[in-house]
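The values are calculated or read from the model by the stated rules, or taken from the named source; none is laboratory data. Keep in mind it's a predicted model, so treat the numbers as computed, not measured. Here the Cβ positions follow ideal geometry from the backbone for every residue, glycine too, while neighbour counts run over all protein chains shown.
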Amino acid sequence: MRQISDSPEEAAFRRALENLRWRGCTTEDIALLRSRIASTGPTLSVDDEGYKNVSVITALNKDKDHINHANSLRFASESGQSLEDFFSIDTISQSEPKRVDPKKSRRVYSTAKNISKPAQVGLWNQPPNTSEQVPGKLSLCLGMPVIIRFNEATELCITRGQEARVVGWSALKYPKWPGRKYLDVLYVELVRPPHPVKLPHLPQNVVPLTRHSESIEAQLPDDLYMRISRSQVPVLPNFSMTDYSSQGKTREWNVVDVKECRTFHGVYTCLSRGTSLSRTLIVRDFEDSLVQGGLDGDLRQEYRELEYLTTITDLRYRGILPPSIMQPTRWETIRLYRIWKGTAGKEVADAPAFKEPDIIAPPTESIVYEIETIASNGKRKERATNESNLPKKRRRAVQEPILANTTWVSPTGPVWDSQDWSCAYDSLTFVLHSLWMTDRIKWSKTLSTYSPALASMIAGFEHMPQRDPEMELTRVRDQWRNCLRDTRPGTYPSGRLGADIMSMTEDVLGYRSGTSRVKTRCVGCKDHAVETVLGPSRLVAPFTAIRNAMSVQHFVDEAWQPLRACTHCGSDVLLKHRRSEVIAFEVAGAGEVLLNNRIEMGSWGLYRLAGAIYYGENHFISRIITRDNKVYGHDGIEGGYSTYEGIVDDSFPSKLLETMRGKSVSLVIYVQSDRQAASIAPHTESD
């Protein structure tokens, strides 16, 4: 059982489930289950934080579709999104009708030779339960929970019943249907997969799902059926699932609707998915007859024989039973066990006697096992022959895909070198490459003048063929790292040794700080001088160390204040700052400093936060912040991909920029914003 807690309530829940398995719930068991019905307690509601967005287990597909539709609208509204509709591609199928179930009413089929526009619209608007769970219209938005409906790739955990959430898609315009589109690729993040999945150029556990074509019998709104071939990505919203689909799942929060369950088996399946009574919610009340009444004789014998086989397996494992008792069939195994227990095993205390009589007698004829493959091979060959004889289709022009809601598309970074430690170089490469991608012409022209190392990096970016960005960026990193080592081999050793990120940033930006000598200028008499500053310098340059400031903006505002009064004319004496389009601020050792998303640099204009580098446990990692405030984190040890973390001051509080995965921020990089700065006169406080 999944319920392992030792509390009295959980023990009573386990006992109720055991009684339910035999359809023998007592009055106390039923009262215990009814105590978990919604609205009977202050926290028993589907709107409670724990139960919200948990897939409701129900018995009927029509109920499942209704819950999925209503909650899809709610989820999109609460997350501030709109549902995007993606339509299936349907054609008339020439396949043979499926075998008729004699228990169900006979279907009446449409005689149409093609799908008319009214019929197509009707097929799209029908719920999935009318088309064998292959939806005609998928309504999705980012973050929505979905469940995969097809075993696409078991080794990648893309299996039927695997839960996931939508992170992006690529869609195409639907021919002859203006305003409609269909999915080309759906990208989903697997939820608790059996093992981690990492595909090239995609974040961990993010996998692509493509359209799958299947012959189905779909019901029209007028109750006629149509045999069609439907091409659609095999997923459904996962706000509800049937008891059949829930088999095998273990759920920490378990929301169930057992009212429509046909038998006690369904009730047991629904309730036994949860790991505890305290986190189980029953949506509606149920009839006592569902969980009471006892078993019929053949089912009771089935359960009993399964318990017999469990006992026999345990005794055989412990070496108590002779090997000859184990037979291909259960009846023969149990019969030989009874014979052994009445003779040689009579004195074995650990081996119980199976005295209960059989309600159903075992078969008397011998069972013969056959494996028939000729028919299946014949069908496969026939299908291959028919497919080869089909007329070749004319090649259509390839449409440009519509990339919708691609916040999951993460920028690429280099892969960490375990033999020649590269985490510091990886961090700078990731941040500067992301900056360069925003305006390649501008930043190629600007950054190439900073230093030979940065010029080498920019040249590497420009010559990347963009076929394998991870490996190409890794080669660019090695290229400019070698350039840096050629100029200062003692500062940047090779092998499994770390590097000083501050010294590296100074060399890459072509500016070394640390001197107490600064240039000054008097506003009144225009006198220029070189002075020695006592205490921490407030000079702003390509590399600047922040000390004694509450925020980056506070430090900059203080830096633009007058240094002193002029001894000749009494006017303000200002520091002459070193203007740069890229400014790196050292914040390691500065205490708690607020990292402003945007800062005003006096007459230089507006600068935005473009990246942050973090250090801890002898390892550097980094973040970038895009022009639209999206945050991506990169760790070269995990691979070349980065992870989308949210939007600054929206889904990602700016306070979180101070740390990343237990590491503290050491360096932040600001760049001149796209807004044009005012022109600077020749003799201002800027160089």
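Which members of the stretch 123-146 meet the condition of being buried (at least 22 other Cβ atoms within 10 Å of the Cβ) and under 18 Å from residue 208 (Cβ atoms)? Hits for the stretch 123-146 are 138, 140, 144, 146.
Residue by residue, here is whether (1) aromatic (Phe, Trp, Tyr); (2) assigned by TED's automatic domain parsing to the domain that holds residue 613; (3) touching a Phe, Trp or Tyr at 6+ places or on another chain (Cβ under 6 Å); (4) surrounded by fewer than 17 Cβ atoms within 10 Å (Cβ to Cβ) holds:
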| residue | (1), (2), (3), (4) |
| --- | --- |
| 462 | no, no, no, yes |
| 469 | no, no, no, no |
| 520 | no, no, no, no |
| 543 | yes, yes, yes, no |
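Mind checking which residues of the stretch 247-261 are among the β-branched types (Val, Ile, Thr) and closer than 15 Å to residue 64 by Cα? Those that are among the β-branched types (Val, Ile, Thr) and closer than 15 Å to residue 64 by Cα: 255, 256, 258.
Residue 184 meets the stated requirement of being more than 17 Å from the chain's Cα centre (by Cα), part of a strand (DSSP E or B) and acidic (Asp, Glu).
Would it be correct to say that residue 333 is of a type in the set (Ser, Thr, Tyr), surrounded by fewer than 12 Cβ atoms within 10 Å (Cβ to Cβ) and not assigned by TED's automatic domain parsing to the domain that holds residue 49? Judged against the criteria, residue 333 is not a match.
Kindly state which helices (runs of 4 or more DSSP H) lie completely within the stretch 1-83 and contain at least 2 residues that are within 29 Å of the chain's Cα centre (by Cα).
Filter on the stretch 1-83 gives 61-78.
If residue 155 satisfies every condition in (1) acidic (Asp, Glu); (2) surrounded by 14 or more Cβ atoms within 10 Å (Cβ to Cβ); (3) not in a strand (DSSP E or B) but one, which is the exception? So residue 155 meets the others, but not (2).
With of a type in the set (Gly, Ala, Ser), under 25 Å from residue 627 (Cα atoms), at pLDDT 85 or above and touching a strand residue (DSSP E or B) at 6+ places or on another chain (Cβ under 8 Å) as the only criterion, which of 541, 565 stands out? Working first, answer last.
Working: 565 fails: under 25 Å from residue 627 (Cα atoms).
On inspection, the qualifying residue turns out to be 541.
Condition check ((1) in a loop (DSSP other than H, G, I, E, B); (2) at pLDDT below 90; (3) of a type in the set (S, T, N, Q)) across all residues:
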| site | (1), (2), (3) |
| --- | --- |
| 467 | yes, yes, no |
| 473 | no, no, no |
| 477 | no, no, no |
| 483 | no, no, no |
| 495 | yes, no, no |
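Out of 312, 282, I need the residue that is hydrophobic (A, V, I, L, M, F, W, C) and out of contact with any strand residue (DSSP E or B) (no Cβ under 7 Å at 6 or more places or on another chain). Which one? Give the derivation first.
Working: 282 fails: out of contact with any strand residue (DSSP E or B) (no Cβ under 7 Å at 6 or more places or on another chain).
After ruling out the rest, the residue left standing is 312.
Residues that are of a type in the set (A, V, I, L, M, F, W, C) and farther than 27 Å from residue 497 by Cα were ranked within the stretch 637-656; the one that is surrounded by the most Cβ atoms within 10 Å (Cβ to Cβ) is 648.
Determine, yes or no, whether residue 312 is among the aliphatic types (A, V, I, L, M), part of a strand (DSSP E or B) and either assigned by TED's automatic domain parsing to the domain that holds residue 351 or within 30 Å of residue 121 (Cα to Cα) (or both). Before you say what the answer is, go through the steps one by one.
Details: among the aliphatic types (A, V, I, L, M): yes; part of a strand (DSSP E or B): no; either assigned by TED's automatic domain parsing to the domain that holds residue 351 or within 30 Å of residue 121 (Cα to Cα) (or both): yes.
Considered against the rule, which asks whether it is among the aliphatic types (A, V, I, L, M), part of a strand (DSSP E or B) and either assigned by TED's automatic domain parsing to the domain that holds residue 351 or within 30 Å of residue 121 (Cα to Cα) (or both), residue 312 comes out as no.
Here 277, 186, 190 are screened, and the one residue that is touching a Lys or Arg at 6+ places or on another chain (Cβ under 8 Å) and surrounded by 21 or more Cβ atoms within 10 Å (Cβ to Cβ) is 277.
Only residues that are closer than 18 Å to residue 556 by Cα, surrounded by 22 or more Cβ atoms within 10 Å (Cβ to Cβ) and either hydroxyl-bearing (Ser, Thr, Tyr) or at pLDDT below 95 (or both) were counted in the stretch 602-636, giving 2.
Evaluate the following for residue 39: is it at positive phi and out of contact with any helix residue (DSSP H, G or I) (no Cβ under 7 Å at 6 or more places or on another chain)?
Numbers: at positive phi: yes; out of contact with any helix residue (DSSP H, G or I) (no Cβ under 7 Å at 6 or more places or on another chain): yes.
Yes; evaluated as a whole, the condition is true for this residue.
Yes/no matrix, rows are residues, columns are (1) surrounded by 13 or more Cβ atoms within 10 Å (Cβ to Cβ); (2) without any contact (Cβ under 8 Å) to a residue 24 or more places away in the chain; (3) aromatic (Phe, Trp, Tyr):
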site: 20; (1), (2), (3): yes, no, no
site: 35; (1), (2), (3): yes, yes, no
site: 39; (1), (2), (3): no, yes, no
site: 54; (1), (2), (3): yes, no, no
